[in-house]
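The values are calculated or read from the model by the stated rules, or taken from the named source; none is laboratory data. A quick note: this is a predicted structure, and the numbers were derived from the prediction, not measured. Every residue, glycine among them, receives a Cβ derived from its backbone with ideal geometry; neighbour counts consider all protein chains shown. What goes into the accessible areas is simple: the full protein's heavy atoms, side chains included, and nothing from ligands, DNA or RNA. Shrake-Rupley method; radii C 1.70, N 1.55, O 1.52, S 1.80 Å.
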Amino acid sequence: MKQFRDRVAVVTGGASGIGFATAERLAAEGMKIVIADIEPGALEAAVKKLESGGAAVLGVRTDVSKAEEVERLAQKTLERFGGVHVVFNNAGVAVTGEAWENSLADWEWVLGVNLWGVIHGIRTFVPILLRQNEPAHVVSTASMAGLTSNPGMAVYNVTKHSVVTLSETLHHDLALRGSPVKASVLCPGFINTRIMDSARNRQSDAKHDPPTPEASALGASIELALREGISQGYAPSQVAEKVFEAIRDEKFYVFAAQPEILDAVKLRLDEVGGQKNPVTPTVLIE
């Protein structure tokens, strides 16, 4: 995709972090921006900031885990701007805990946002892009946790591995059609965002059982390590630049990760290729 000016980009989870940084980057190219986010205050502030820079912006409060809300997002996008050319399925949340420890509510919440949010985005927007039959791009946010399997992150890992394979399959499906629509998967490492504070937007749920004291202690140590890594991570603007370049250059894999995390991915691929037992990693990966 080479033309950006006056084209339309939809960004979920667009009011903060990687989403907002990417919205800013695409707006700088002259794109019209639709920000979808579940957090009303942050959404309003993000819209105002982009508008103050001269961008044409639409904010739509959206729970991406609900198909009807993503369909409403698409409808409002078309009503306001008449088309869509970049879809960035970026909304994401996280929990920690050992594989047997997380509640059903944990699984439902994280799967709903991280995986079903991407599924809904693809099912809703890709048919629109295909009908337009012009250059367009779908980017979905996975994680380096979609290429590794760190301990204490089962729920998150499952969703991110799923987004990687969903994106790869989408890439193949579009290529077999000879479509001008392209796809990318974004795999960040430690990025300085509020991903570990995502529970601020979680609905209260009676099924969310408190962890055992042992599990709570392990979960706390994992969360502490993650928070420390994230606080020292790359700026979201660095990731946004990589996303823009991937759209422009039609690059599928978009990595924004520290060298030690890339080394962990290489180690895992070597283990898989050599049919070796996995080595428990010492580096926690977002």
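Can you list residue pairs whose Cβ atoms sit under 6 Å apart, with the first residue in segment 53-73 being free of Cβ contacts under 8 Å to residues at least 60 places away in the same chain and the second being open to solvent by 40 Å² or more (accessible area, probe 1.4 Å) and outside any loop (DSSP other than H, G, I, E, B)? Count only pairs 6 or more apart in sequence or on different chains. Listed pairs, sorted by first residue: 56/32; 57/51; 58/80; 60/76; 61/40; 62/69; 63/69; 65/116.
Restricting segment 254-266 to residues that are under 26 Å from residue 183 (Cα atoms) and in a helix (DSSP H, G or I), which is most open to solvent (accessible area, probe 1.4 Å)? First the steps, then the outcome.
Of the residues in segment 254-266, the ones under 26 Å from residue 183 (Cα atoms) are 254-259, 261-266.
With the extra rule that they be in a helix (DSSP H, G or I), the set shrinks to 259, 261-266.
On the way: 259: 84, 261: 0, 262: 58, 263: 91, 264: 25, 265: 14, 266: 134 Å².
Among those residues, the one meeting the criterion is 266.
All but one of (1) open to solvent by 10 Å² or more (accessible area, probe 1.4 Å); (2) closer than 25 Å to residue 101 by Cβ; (3) among the β-branched types (Val, Ile, Thr) hold for residue 163, so report the exception by its number. Residue 163 satisfies all of (1) open to solvent by 10 Å² or more (accessible area, probe 1.4 Å); (2) closer than 25 Å to residue 101 by Cβ; (3) among the β-branched types (Val, Ile, Thr) except (1). Working only within segment 76-94, note down all residues that are under 22 Å from the mean Cα position of the chain (by Cα), modelled with pLDDT of 95 or more and either of a type in the set (A, V, I, L, M) or assigned to a helix (DSSP H, G or I) (or both). Matches in segment 76-94: 76, 77, 84, 86, 87, 91, 93.
So is residue 198 at pLDDT 95 or above, surrounded by 15 or more Cβ atoms within 10 Å (Cβ to Cβ) and within 22 Å of residue 140 (Cβ to Cβ) or not? In short, no. A Cβ distance below 6 Å, combined with a sequence gap of six or more or placement on separate chains, defines the contacts here; from segment 1-30, residues that are farther than 24 Å from residue 201 by Cβ and at pLDDT 95 or above reach residues that are acidic (Asp, Glu) and in a loop (DSSP other than H, G, I, E, B) in the pairs 4/29.
One line per residue, one yes/no per condition, for (1) assigned to a helix (DSSP H, G or I); (2) open to solvent by 80 Å² or more (accessible area, probe 1.4 Å); (3) under 12 Å from residue 32 (Cα atoms); (4) of a type in the set (Gly, Ala, Ser):
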site	(1), (2), (3), (4)
45	yes, no, no, yes
49	yes, yes, no, no
54	no, no, yes, yes
68	yes, yes, no, no
